[in-house]
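J.: If you scroll down you'll find the structure; I have some questions about it.
The values are calculated or read from the model by the stated rules, or taken from the named source; none is laboratory data. Keep in mind it's a predicted model, so treat the numbers as computed, not measured. Quick note on the areas: whole protein, heavy atoms, side chains included, nothing else; ligands and nucleic acids left out. Shrake-Rupley method; radii C 1.70, N 1.55, O 1.52, S 1.80 Å.
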Amino acid sequence: MSGAALYGRIFTVGVYPEEVCKAIAAVRFIGEAMGANAVGAAAAFECGTSIRFTLRIEPGQGAIEEIRYTTTGCGFMIAAAEGLAENLEGALLSELHALSDVDTDGDHPLERHHCGRAPIDALRAALAGYREQRANEF
């Protein structure tokens, strides 16, 4: 059974809203980006989970060629990470002006806000690390 099918079976037991169930039943971005040159991680201390994004960014144009994540988080965090990855794959860094805490797919209940914030924090960390790496090359 594929990882996506396994996640879909485990997490779609009616505990999550329909949009979250749809996102985790069709995960596409779990794993590690091949040849990653940007890595960032974050934690949600409220529930003891973590998330790590790996990106392969084409240095010439600054395009996000591949984006993947790994997480110990719940379905809300997976859905948020999937939404972010889907929106950012293929994007040019010059088009990214800011990632706000509302850039995740779906509406998280207030007590689950940290599940959407941690993926954004991990992406910010990856992009900041990439920016620093590029600056140090000069």
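J.: Top to bottom by accessible area (1.4 Å), largest first, where do MET34, MET77 land? Numbers along the way, then the final one.
T.: Working: MET34 135, MET77 0 Å².
So, going from the largest accessible area down, we get MET34, MET77.
J.: Using only the heavy atoms of the protein chains and a 1.4 Å probe, how would TYR16, TYR69 rank by accessible area, largest first?
T.: The residues order as TYR16, TYR69, largest area first.
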